[in-house]
There are 4 protein chains.
Amino acid sequence: MIKLPLIVLNFKVYSEAIGEKAVKLAKYAEEVSREYDVGLAVAPPTTELKTIVESVNIPVFSQHVDPHPCGSWTGGIVVEMLKEVGVVGSIVNHSEKRMILADIAIVLKRLKDNNLVSLLCTDTIETTKAGAALSPDIIAIEPPELIGTGIPVSKARPEIVQGAVEVVKKNNPSIHILCGAGISTGEDVAKAIELGAEGVLLASAYVKARDPKTILLSMADAALKAWENR
Amino acid sequence: MIKLPLIVLNFKVYSEAIGEKAVKLAKYAEEVSREYDVGLAVAPPTTELKTIVESVNIPVFSQHVDPHPCGSWTGGIVVEMLKEVGVVGSIVNHSEKRMILADIAIVLKRLKDNNLVSLLCTDTIETTKAGAALSPDIIAIEPPELIGTGIPVSKARPEIVQGAVEVVKKNNPSIHILCGAGISTGEDVAKAIELGAEGVLLASAYVKARDPKTILLSMADAALKAWENR
Amino acid sequence: MIKLPLIVLNFKVYSEAIGEKAVKLAKYAEEVSREYDVGLAVAPPTTELKTIVESVNIPVFSQHVDPHPCGSWTGGIVVEMLKEVGVVGSIVNHSEKRMILADIAIVLKRLKDNNLVSLLCTDTIETTKAGAALSPDIIAIEPPELIGTGIPVSKARPEIVQGAVEVVKKNNPSIHILCGAGISTGEDVAKAIELGAEGVLLASAYVKARDPKTILLSMADAALKAWENR
Amino acid sequence: MIKLPLIVLNFKVYSEAIGEKAVKLAKYAEEVSREYDVGLAVAPPTTELKTIVESVNIPVFSQHVDPHPCGSWTGGIVVEMLKEVGVVGSIVNHSEKRMILADIAIVLKRLKDNNLVSLLCTDTIETTKAGAALSPDIIAIEPPELIGTGIPVSKARPEIVQGAVEVVKKNNPSIHILCGAGISTGEDVAKAIELGAEGVLLASAYVKARDPKTILLSMADAALKAWENR
């Protein structure tokens, strides 16, 4: 279900990623995935999930999921809703949607029980180690202070990427590890993979690009080359 | 846009209101709206909004909306997403999704600026009065302790319904006032309207009914009769 | 219990306002209150409340209070604790400690039932009007974007102060109305009172001043003169 | 600083633990600690911390601490305030005051940097393992569904206590492990220690007891015997 190296495109709730524009951004990713042997996944806004799942043949993630089961939770996003929609899994605990520890554990278990992939976001080596103890399928470490800055974590904080890779692989080698925050170019992606990451999580550099497909092509190309040289 | 008397059906995130089942529940409501001259609206789970809007010709509400604009709000539900999806408006501050006062004010303004209808939930006469000061289109008073109990607010706490009607109409007569919590039968709906409410907000009594359409027919019938006798 | 014009000094959790330093800041305020016929109150950090109440003879406010009653609320700050400590009341819904609407209503009622003074913070004219509907003893309007900037609300946004005064006095003239955010000098205080405010809420300009007492003396002087010229 | 076996008494914000009553409950614990060679610590309501620290010679814990440093955090409880007050440390992430994962990591680090003891609460074996990765001084596992029930975790869910002991000692043997929830008698305490716990965390069984000292004496006695027989 998870192809490496993996590039996950978080659409957030950018105005550039709503309605027809979301479909277009997802289709570009699908096209790039046909040209390059890399994993490409998208995480569109919640209201667009169903349409995107029906529009493309690449993995689609939800951006968030609540811990509770079906029931009296007006406005909630529960695992059963995601399952019905047909996404492959969900981002959990993004720095813009932090969760309490107890709820993270519940959500990861509920995703697993429903055969959905969990992509847990963490912010430091310490929380990555704690997160690894909860056995998500994927961890993406993103120092929040770099998110949206264009300063790539893989260059500005290489020791964080390496440290996260190390604690994850030491504690639970079956967890895939991505990094994110500031990833803007193919070079940033390559650098991340050289540091041991198995892919990247990015948002604005793709969604807000003048020419998203071209940027994604260069990222896929760089990712593949770095991956083969590991 | 708002037809009175109004029956708003909150699907919450009940397992009975996901996927095809959500469409069916919405279609029943549409059918009843053709037989009775009452307002009927549905509020399906967030991931189902687009499908429901495309499936029926009655007003569709979101169950929640966040205060922020488009941007870096992973997992957020913003007004622009709702506008794109085509809903008529949104429930705001449901007792299962309470908001801080400052955010309620922002959300109501953002909905208005986007020509979307706001349905603000309140829990007491005092918060109804405070809510009325923020000029939503609709207020639904729901004493949380009665939600999901089957004990109808219109019978168990008539003074709350009357008090809410009074403070709303005195402070801002253009706001429509509904009541909710425990509304389960046509009789409960009629009683609410007799007390001055212009409709009801209900959830489990419809969504979890063995025969939802029959119940809704009897509610619409009772609502219409009570409305004509006001 | 509330003397006008009122200057409320919020100590926040500044390092300059902990332990002996908190006592000193409170004593300065007490000294100034003996020299000028103005109301002076302090809101020290929660752990310092008891000591400050025992150290000075001016009104002491808590910075926050939770809505629940005594019971299983580990880490909570409940009204009964404040009552025991001997404070005169509590700030409610400060922009750094926002509360949901339903809880604001509960807290205001619990404070009143315990004969404690409520000082409700609001951020706009709209939320001030909503807050006034809940009948707190005092409302302090503080546009959050000006807090801590040194740009005084009374000069930068006079229309907000005037608008808040107007909606409060029109809806419930017994509520006292303060303004805050950026208030740094006697002139700022005077301007606030000229606009109709009955006092000010300030923090860093006092707590972080090189010579807090001198600044407070000039504020009290300016407040009194403006008050007499109303 | 931490004496084993350890009995931590959480006063929550019970009406029986405010003002003079808090002092009395703390003094009983001090008296018992003189008679039995066990660790006894108390966690009084936040407003009582200073008084209790000055009144007794046993470790005093805060019930909660926020992640931020000194500054503009009206109503916050920061590490520096606790340091000033003279407590020995703080409970973190109690089930009645849950924290997001990122904040737990920050708080644990800030406590350590200030030489304060951290007592992290967890709810399952999984979150205990995650918590252990963050290296608190003490972990207390408390299944929330048993808190306040009088049904002791050590008897009703022995496998949870054993599992928590195992993951903690395997991952980081320097962390002390307590259990809590429903602990009401000396027998419950003994059972916890037999299962490998190094002490207990309890609240209502002590605070709301008709004769708290007698109950605590029997718990200390049972704890000591079980500890010697390990």
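The values are calculated or read from the model by the stated rules, or taken from the named source; none is laboratory data. Remember, predicted model here, so these are calculated numbers, not experimental data. Neighbour counts are summed over all protein chains in view; Cβ atoms, including those assigned to glycine, are modelled from backbone coordinates with ideal geometry.
Among residues belonging to the range C:13-28 that are away from chain D (no Cβ under 12 Å) and surrounded by fewer than 21 Cβ atoms within 10 Å (Cβ to Cβ), point out the one that is farthest from C:Val207 (Cα to Cα).
That would be C:Lys27.
Taking helices (runs of 4 or more DSSP H) that fall entirely within the range B:39-156, which contain at least 1 residues that are within 14 Å of chain A (Cβ to nearest Cβ)?
Counting at least 1 such residues, we get B:49-55, B:79-85, B:101-113.
Inspect all residues belonging to the range B:173-189 and state whether any of them is farther than 30 Å from C:Thr124 by Cβ, hydrophobic (A, V, I, L, M, F, W, C) and at pLDDT 95 or above.
Yes, that holds for at least one residue.
What are the residues in the range C:178-204 that are at positive phi and either within 14 Å of the chain's Cα centre (by Cα) or without any contact (Cβ under 8 Å) to a residue 12 or more places away in the chain (or both), if any? So that I can check it myself, show each step before the final result.
Our first condition is that a residue be at positive phi; within the range C:178-204, this holds for C:181-182, C:196, C:199.
Result: C:Ala181, C:Gly182, C:Gly199.
Checking the structure you have, find out if any residue of the range C:165-175 is of a type outside the set (S, T, N, Q) and in contact with a Lys or Arg (Cβ under 6 Å, 6 or more places away or on another chain). So that I can check it myself, show each step before the final result.
Taking the range C:165-175 and keeping what is of a type outside the set (S, T, N, Q), we get C:165-170, C:173, C:175.
Next, only the ones that are in contact with a Lys or Arg (Cβ under 6 Å, 6 or more places away or on another chain) stay: C:167.
Checked the range C:165-175: at least one residue is of a type outside the set (S, T, N, Q) and in contact with a Lys or Arg (Cβ under 6 Å, 6 or more places away or on another chain).
If D:Asp103 passes every condition in (1) surrounded by fewer than 24 Cβ atoms within 10 Å (Cβ to Cβ); (2) under 20 Å from D:Phe11 (Cα atoms) but one, which one does it miss?
(2)
Kindly list the number of the only condition in (1) among the hydrophobic types (A, V, I, L, M, F, W, C); (2) surrounded by fewer than 22 Cβ atoms within 10 Å (Cβ to Cβ); (3) on the phi > 0 side of the Ramachandran plot that fails for A:Ile175.
Only one criterion is unmet by A:Ile175, namely (3).
Can you pull out the residues in the range C:157-182 that are assigned to a helix (DSSP H, G or I) and of a type in the set (A, V, I, L, M)?
C:Ile160, C:Val161, C:Ala164, C:Val165, C:Val167, C:Val168
I need the full set of residues from the range D:29-42 which are surrounded by 24 or more Cβ atoms within 10 Å (Cβ to Cβ) and in contact with a Gly (Cβ under 9 Å, 6 or more places away or on another chain), in order please.
Answer for the range D:29-42, where residues must be surrounded by 24 or more Cβ atoms within 10 Å (Cβ to Cβ) and in contact with a Gly (Cβ under 9 Å, 6 or more places away or on another chain): just D:Ala41.
Restricted to the range B:183-202, and to residues that are among the small types (Gly, Ala, Ser) and in a helix (DSSP H, G or I), which residue is farthest from B:Val168 (Cα to Cα)?
Going through the qualifying residues, I end up with B:Gly186.
Scan the range B:199-227 for residues that are more than 30 Å from B:Ser15 (Cβ to Cβ) and buried (at least 24 other Cβ atoms within 10 Å of the Cβ) and report the count.
The number of residues fulfilling the criteria is 0.
Evaluate the following for C:Glu48: is it crowded, with 21+ Cβ neighbours inside 10 Å, charged (D, E, K, R) and in contact with a Lys or Arg (Cβ under 8 Å, 6 or more places away or on another chain)? Talk me through it step by step, then tell me what you get.
Numbers: crowded, with 21+ Cβ neighbours inside 10 Å: yes; charged (D, E, K, R): yes; in contact with a Lys or Arg (Cβ under 8 Å, 6 or more places away or on another chain): yes.
Considered against the rule, which asks whether it is crowded, with 21+ Cβ neighbours inside 10 Å, charged (D, E, K, R) and in contact with a Lys or Arg (Cβ under 8 Å, 6 or more places away or on another chain), C:Glu48 comes out as yes.
Yes or no, residue by residue, for (1) touching a residue at least 24 places away in the same chain (Cβ under 8 Å); (2) more than 18 Å from the chain's Cα centre (by Cα):
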position	(1), (2)
B:Ala22	yes, no
B:Tyr36	yes, yes
B:Pro44	yes, no
B:Thr51	yes, yes
B:Ser62	yes, no
B:Gly71	no, yes
B:Asn93	yes, no
B:Ile104	yes, no
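Mind checking whether some residue in the range D:126-137 is farther than 25 Å from A:Leu108 by Cβ and of a type in the set (A, V, I, L, M)?
No - not one qualifying residue is present in the range D:126-137.
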